[in-house]
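Here is the structure we will look at.
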Amino acid sequence: MKLAVINDNRLAVVEGESAFDVSEEIPWNPQDVQGSLVQLMTSFETYKPVLEKAVNKVAGVPVEQVKLRAPVPKPSKIWAAPVNYLDHQSEMNAKFNNAPFTIEKLKLFLKAPSSIIGPSDKIILPFKDRRHDHEAELAFVVGREAKNVPMEEAHRYIFGYFGCLDITMRGEEERSWRKSFDTFTPIGPWIVTADEVGDPHNLQMDLWVNDELRQSANTRQMIFNCYKCLEVASQAMTLYPGDVITTGTPAGVGPIKKGDRIRLRIERIGEFMVEVDDQQ
Ligand code: MN
């Protein structure tokens with residue numbers, strides 16, 4: 001099932017090219033999307049059949065006529081994987097004189113949840129004289145409280161998947177600083193539930209800037225797969241329902257500038273495009 005947040009923070013099920021507003025069918029408070037989402041995820045066995053029936057009851061509208069919003073707007077934390085594709089690891093280590101950038105050594109890092117924007121919002125670059133890069137990533141939302149979960153069990157804790165752009169300012173500052181500016185985490189276009197995604201480690205992922213293909217990889221090339229990322233994160237601290245983990249980017253990261261349009265497409269997930277602007 002594809003679950004989108006649309007228009008005035010309403011919940012929609014997306015099927016084919018249509019969005020079905022199901023906000024009246026289950027408890028859903030547009031003033032508290034994150035809380036409503038957590039409630040939905042933690043009782044999904046109850047609500048799933050209700051939502052499936054609702055699609056046949058309410059009128060659908062074309063997806064292109066709705067405003068898509070961030071499907072997970074306020075997680076308590078965003079864990080992110082650095083150098084989690086071998087080709088990107090080679091790219092980074094060549095650039096930095098073979099400094100030992102490996103995920104085994106670095107583990108995960110935190111991004112500010114306030115950096116999240118929706119899949120049709122704008123990235124605002126904070127500085128005109130600094131380089132900012134795109135990073136195409138597969139992300140997921142945690143559906144159940146998780147602490148010390150082994151990777152073999154991790155799939156039971158992942159509610160669903162979506163695309164993520166981990167926008168990054170290059171430079172010497174701390175990684176979490178350079179990646180946590182407002183608007184630096186566009187996510188979307190919606191949550192695809194884990195059962196509908198199937199194997200998350202066999203998804204083609206492509207990113208274009210304007211019409212130029214910049215990144216193209218398959219999620220099977222991750223070093224720490226989604227389940228290992230959840231294991232590692234949950235060893236450090238308790239993951240709560242609604243928390244987000246984004247799983248790192250393949251080779252091909254490159255600079256973005258005002259006026260660029262960044263399009264991310266992930267197989268079985270969907271695609272979205274955001275524009276880049278700068279501070280006026
Ligand atoms: Mn990244």
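The values are calculated or read from the model by the stated rules, or taken from the named source; none is laboratory data. The shown structure was predicted, so the numbers you read here are calculated from the model rather than taken from an experiment. Please note: Cβ atoms are built from the backbone with ideal geometry, for glycine as well, and neighbour counts cover all protein chains shown. For accessibility, only protein heavy atoms count, side chains too; no ligands or nucleic acids. Shrake-Rupley method; radii C 1.70, N 1.55, O 1.52, S 1.80 Å.
Table for the structure above
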item	result
Top-ranked residue of the stretch 58-72 - restricted to ones that are at pLDDT 95 or above and β-branched (Val, Ile, Thr), ranked as surrounded by the most Cβ atoms within 10 Å (Cβ to Cβ)	Val72
Selection within the stretch 147-173 - more than 16 Å from the ligand (Cβ to nearest atom), in contact (Cβ under 8 Å) with a residue 24 or more places away in the chain and either open to solvent by 90 Å² or more (accessible area, probe 1.4 Å) or in a loop (DSSP other than H, G, I, E, B) (or both)	Lys147, Asn148, Val149, Pro150, Met151, Glu152, His155
Matching residues in the stretch 237-251 - criterion: being within 16 Å of the ligand (Cβ to nearest atom) and open to solvent by 10 Å² or more (accessible area, probe 1.4 Å)	Ala251
Residues of the stretch 81-96 that turn out to be open to solvent by 70 Å² or more (accessible area, probe 1.4 Å) and either closer than 18 Å to Glu172 by Cα or within 11 Å of the ligand (Cβ to nearest atom) (or both), as a count	3
Pairs, first free of Cβ contacts under 8 Å to residues at least 24 places away in the same chain in the stretch 74-97, second away from the ligand (no atom under 13 Å from the Cβ), C-beta under 9 Å, six or more apart	Met92/Ala99; Asn93/Ala99; Asn93/Pro100; Asn93/Thr102
Selection from the stretch 114-146 of residues that are away from the ligand (no atom under 16 Å from the Cβ) and of a type in the set (Phe, Trp, Tyr)	Phe127
Exclusive hit being surrounded by fewer than 20 Cβ atoms within 10 Å (Cβ to Cβ) and under 21 Å from Pro119 (Cβ atoms), set Pro49, Pro30, Pro75	Pro30
Filter pass, Ser176 being within 15 Å of the ligand (Cβ to nearest atom), part of a loop (DSSP other than H, G, I, E, B), modelled with pLDDT of 95 or more and small (Gly, Ala, Ser)	no
